[in-house]
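The values are calculated or read from the model by the stated rules, or taken from the named source; none is laboratory data. Here the structure is a predicted model, which means the values were calculated and not measured. As a convention, Cβ positions derive from the backbone with ideal geometry for all residues, glycine included, and neighbour counts pool all protein chains shown.
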């Protein structure tokens, strides 16, 4: 039998921890080999790359960079295109827009060799949109060779809708929902793009506002829903966590006890009494995998309110990257074997918290 190989392209805020998760749990996942692609030989990245290799992953790069990496004391195991061609699953963790370019430039040429391709975040049009626990049942092995794991804030929006608007029969009964994404300026690993004060965003989409609601709409459309969603966004001068204000109106009555029970019953939802991003972030740093909580949202219960018996209002935090990491692993395991995906992913349960 041929090796089961998962290849991660990119070593940034998603690519690095994803390579780590896959390497640490490859026996649980049924993976024989993990490879990752590093595009540029930067000396400042050497400690990070050494640690990724120490965990058992093999580094790949363009043939023009082999000697430069060798001079840094790092071995390039495979050339970039060779790594794609020999992989069972390819996960693209490059910056926004690059994944679609890579699809046309590389992935479509190797579609007869690779079982599946996964892209991250804002790669609209790459493939079927996916979030763990939302639309697993509509994935089709005969049609879905390309999957787009939705962004971290879209994960947050989607799990809130899935939790609060369920009619008790497994269907959504939503009147409308509005969201304000309070986004961090940049990641703690990044030096650039920080802002000195909150920066307001526009509404580029007349129907949905920002891509967060648009992507959530299309995610639920894979399940046959036509939801009334709208989102806004602004950046804040913080590096800790995204926060989200939500207003979800259902077609049935709700009370606070019922809302809390729904959140308690969904293991992808964490609740907290904390109201500050730094305290939630600190919990993830101490108890998460690579400092990341893999829950899809962390709801601040003191901020919750129920209006007119059918509208839930409140704030929550987005475990950026964490929820996307979980869905990326789930999609990978689905490509390997849909029947055993739920069992194999169970090893990550310690990083899904009921309470923070």
Exclusive hit being under 23 Å from residue 4 (Cβ atoms) and more than 18 Å from the chain's Cα centre (by Cα), set 302, 338: 338
Candidate set from segment 192-218 (those that are part of a helix (DSSP H, G or I) and touching a helix residue (DSSP H, G or I) at 6+ places or on another chain (Cβ under 6 Å)); member that is nearest to residue 281 (Cα to Cα): 212
Test result for residue 113, in contact with a helix residue (DSSP H, G or I) (Cβ under 9 Å, 6 or more places away or on another chain), surrounded by fewer than 19 Cβ atoms within 10 Å (Cβ to Cβ) and touching a residue at least 24 places away in the same chain (Cβ under 8 Å): yes
Some residue of segment 98-110 being within 20 Å of the chain's Cα centre (by Cα), crowded, with 21+ Cβ neighbours inside 10 Å and modelled with pLDDT of 95 or more: no
Only listed residue being in contact with a helix residue (DSSP H, G or I) (Cβ under 9 Å, 6 or more places away or on another chain), touching a residue at least 12 places away in the same chain (Cβ under 8 Å), closer than 18 Å to residue 123 by Cβ and not assigned by TED's automatic domain parsing to the domain that holds residue 112, chosen from 189, 158: 158
Qualifying residue in segment 51-73 (condition: touching a helix residue (DSSP H, G or I) at 6+ places or on another chain (Cβ under 6 Å), crowded, with 20+ Cβ neighbours inside 10 Å and closer than 13 Å to residue 5 by Cβ): yes
Filter result for residue 172 (surrounded by 12 or more Cβ atoms within 10 Å (Cβ to Cβ), in contact (Cβ under 8 Å) with a residue 40 or more places away in the chain and under 23 Å from residue 277 (Cα atoms)): no
Residue that is surrounded by the fewest Cβ atoms within 10 Å (Cβ to Cβ), among those in segment 27-45 that are at pLDDT 95 or above and part of a helix (DSSP H, G or I): 27
